[in-house]
Amino acid sequence: MLNGKTALVTGSTSGIGLGIALSLARQGAHIVLNGFGDVEAPKAQVAALGVKVGYHGADMSKPAEIEAMMAYVNAEFGGCDILVNNAGIQHVAPVEDFPVERWDAIIAINLSSAFHTTRLALPGMKARGWGRVINLASVHGLVASAQKSAYVAAKHGLVGFTKAVALETATSQVTVNAICPGWVLTPLVQKQVDARAAADGVDDAEAKRRLLAEKQPSLQFTTPEQLGELAVFLCSDAAANVRGQAWSLDGGWTAQ
Ligand code: NAD
């Protein structure tokens with residue numbers, strides 16, 4: 001379905017980003033990975049699906065590095081057809097204790113990076129007459145939780161950004177949407193499970209159960225594979241008129 005297209009997935013060395021990259025690669029898209037940590041294992045996983053795979057290590061908090069990454073995608077892959085803005089970090093603290101540098105980093109990585117990648121990718125998508133922008137927001141783009149002020153502000157901002165750019169591109173063949181997952185068991189959430197286990201004096205399984213029971217009625221984690229399949233749908237012709245949506249995959253979290 002996506003043969004010949006190129007997908008750039010930010011923050012795709014782990015977790016949800018890697019799940020989405022693998023789903024898009026299974027549909028034939030060439031993949032550009034980005035993110036920190038081990039790069040060779042995710043590259044090999046994508047390459048095993050028979051598509052071309054690239055990597056750029058741009059730090060999503062640094063606009064100049066984002067510009068270099070977009071130039072790399074243009075030079076090596078002839079442009080970015082599918083842009084998945086996924087890189088994100090979390091920090092949990094009450095607002096009066098929130099470290100100023102963590103606030104700035106969360107706004108830069110979870111929100112402003114999507115502005116930079118999108119402004120640089122859109123002209124090429126419009127010129128080639130097809131494009132998909134998929135922003136990994138969160139249930140926290142729609143509702144709030146205590147102690148996550150920066151994350152909630154950034155994700156609400158990302159949903160608003162998604163709507164604005166969807167309107168600007170509404171008559172083009174470029175669609176712009178957000179995906180809003182509930183709890184997904186990735187390294188980002190395992191840190192919160194560990195904190196819960198330590199605070200409540202319970203084991204890992206009980207900490208996971210308590211975390212889910214508080215917010216996610218299905219009591220099941222959403223998986224990177226499910227999010228990957230939703231991204232594939234948003235790339236399909238059937239989704240050509242889905243525009244400016246914040247699509248939840250949250251086990252009922254935001255239905256409450
Ligand atoms: P993760 O920690 O498993 O992966 C984050 C990825 O981003 C990694 O590849 C990491 O290297 C990369 N990254 C971090 N800082 C970066 C930077 N400055 N520049 C470039 N790359 C950077 O996290 P995840 O749970 O897979 O989260 C992915 C996205 O999904 C995030 O935007 C997150 O907010 C969102 N999300 C996660 C959940 C969840 O429950 N895990 C729920 C809703 C939304």
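Mark the label point 7 Å from the Cα of Lys126 along Cα→Cβ and return the residues of the range 156-184 whose backbone N is within less than 19 Å of it.
So the set is 161-177.
Using the 10 angstrom Cβ neighbour count as an exposure proxy, how do Val51, Val92 rank, fewest first?
Starting with the residue having the fewest Cβ neighbours, the order is Val92, Val51.
On C-alpha positions alone, give me the angle between the axis of helix 204-215 and the longest principal axis of the chain, in degrees, nearest 10.
The angle comes out at about 80 degrees.
What FRET efficiency, computed as 1/(1 + (r/R0)^6) with R0 = 35 Å and r the Cβ-Cβ distance, is obtained for Ala170 and Lys191, rounded to the nearest 0.05?
0.35
Mind jotting down a quarter of the surface of the convex hull over the alpha carbons of the range 1-110, in square nanometres, one decimal?
7.0 nm²
By how many degrees, between 0 and 90 and to the nearest 10, does the Cα long axis of helix 15-26 differ from the longest principal axis of the chain?
30 degrees
Taking Cα pairs under 8 Å and at least six residues apart, what relative contact order does the range 1-144 come out at, in percent?
The normalised contact order for the range 1-144 reaches 24 percent.
Report the convex hull volume per residue for the range 124-204, counting only C-alpha atoms, in Å³.
103 Å³
Past the 25 angstrom mark, what percentage of all C-alpha to C-alpha distances in the chain do you count?
41 percent
Nearest 10 degrees is fine. How inclined is helix 113-128 to the longest principal axis of the chain, computing both from alpha carbons?
30 degrees
Once the Cβ-Cβ distance between Asn241 and Ala48 is put in as r, and R0 is 35 Å, what FRET efficiency do you end up with, to the nearest 0.05?
0.55
Between Ala146 and Glu67, what's the calculated FRET efficiency when r is the beta-carbon distance and R0 is 41 Å? Round to 0.05.
0.65
Once phi is turned into θ = phi - 60°, what whole-Hz ³J(HN,Hα) does the Karplus curve with 6.51, -1.76 and 1.60 give for every residue of the range 27-43, x standing for Gly and Pro?
8, x, 6, 6, 10, 10, 8, 8, x, 9, x, 5, 9, 5, 5, x, 4
For the range 48-99, just say rounded, prolate or oblate: build the C-alpha gyration tensor, square-root its eigenvalues into a ≥ b ≥ c, call rounded for a/c under 1.5, and beyond that prolate if a/b exceeds b/c, oblate if not.
Judged from the Cα gyration tensor, the range 48-99 comes out prolate (a/c at least 1.5, a/b above b/c).
Throw me the Rg/Rh for the range 65-191, computed over C-alpha atoms with Kirkwood Rh, two decimals.
1.01
Rounded to a whole number, what is D in µm²/s for the range 8-52 from Stokes-Einstein with the Kirkwood radius over alpha-carbon pairs (4 °C, 1.567 mPa s)?
130 µm²/s
In deg cm²/dmol and to the nearest 500, what is the mean residue ellipticity at 222 nm of the chain if only DSSP H runs of at least 4 residues count, each as -39500 (n - 2.57), divided by the residue total?
Result for the chain: -14500 deg cm²/dmol, rounded to the nearest 500.
Find how much the distance from Met1 to Val202 grows on full extension, using 0.36 nm per residue of separation minus their present alpha carbon separation; answer in nm with one decimal.
Additional length available on full extension: 67.8 nm.
At 7 Å along the Cα-to-beta-carbon direction for both Glu225 and Ala93, put a label point, then send me their distance in nm to one decimal.
3.8 nm
On the principal axes of its Cα set, how long, how wide and how thick is the range 136-256? Give whole Å, largest value first.
Each principal axis gives a Cα extent; for the range 136-256 these are 55, 27, 26 Å.
Quick note: the coordinates plus some simple rules give every number you see, no bench work behind them. What you are looking at is a predicted structure, and each value in this text was computed from that prediction instead of being measured. Here the Cβ is made from the backbone with ideal geometry for all residues, glycine too, and neighbour counts use every protein chain on show.
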